[in-house]
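Notes for the one structure printed next.
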Amino acid sequence: MTDEQLSSLLDSTAELVKAVHAHVATLSPAVTARAWIAFQAGLLSLEHGTAAFALIQQKFLPSAFTLMRPQYECLVRGVWLFHAASETWVAKLGEPLSVQSGKRANEGPMLAEMLKELMPRPPARRR
């Protein structure tokens, strides 16, 4: 990819980022703890992506690429919180941040476990 092509791609991406942020600003989650906390995880994922894009624009590529993993993890966590997390986990991860709530949150499921919980289950067989 030439520098000119990269510059054009970054300009197009900047327009997309701007449009996504404008759209997200119009959204509000349903009035439930589950929807609110899942939405917050999605916003954090978006923030990581925006930061990575800013770093790419400045040609800080290793730093930008290191944000891809937490961006993905935040996105998966948000989907997991909305669709698969127990009420206990929703409550734990929805608490205001403190030393104690942070420790409890760190005890949560890892990415692989969240993905397994999101996997579709085959329907039960009739005997």
| query | For segment 1-17 and segment 55-85, what is the separation of their Cα centres, given in Å? | reply | 20 Å
| In degrees between 0 and 90, to the nearest 10, how far off the longest principal axis of the chain does helix 33-57 point, with axes built from Cα atoms? | 20 degrees
| task | Please give the helix 68-83 orientation as an angle from the longest Cα principal axis of the chain, in degrees from 0 to 90, rounded to the nearest 10. | result | 40 degrees
| Proximal lysines to residue 92, defined as alpha-carbon separation beneath 28 angstrom and excluding residues fewer than eight positions away on the same chain | 103, 116
| message | Using DSSP to call loops (not H, G, I, E or B), can you name the trypsin sites (Lys or Arg not before Pro) in segment 1-97 whose Cβ has at most 15 other Cβ atoms within 10 angstrom? | response | 59
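Bear in mind these aren't lab numbers, they're just calculated from the coordinates by the rules spelled out. Predicted, not measured: the structure shown is a model, and the values here were computed from it. Don't worry about glycine lacking a Cβ; one is built from the backbone with ideal geometry, like all the others, and counts go over all protein chains shown.
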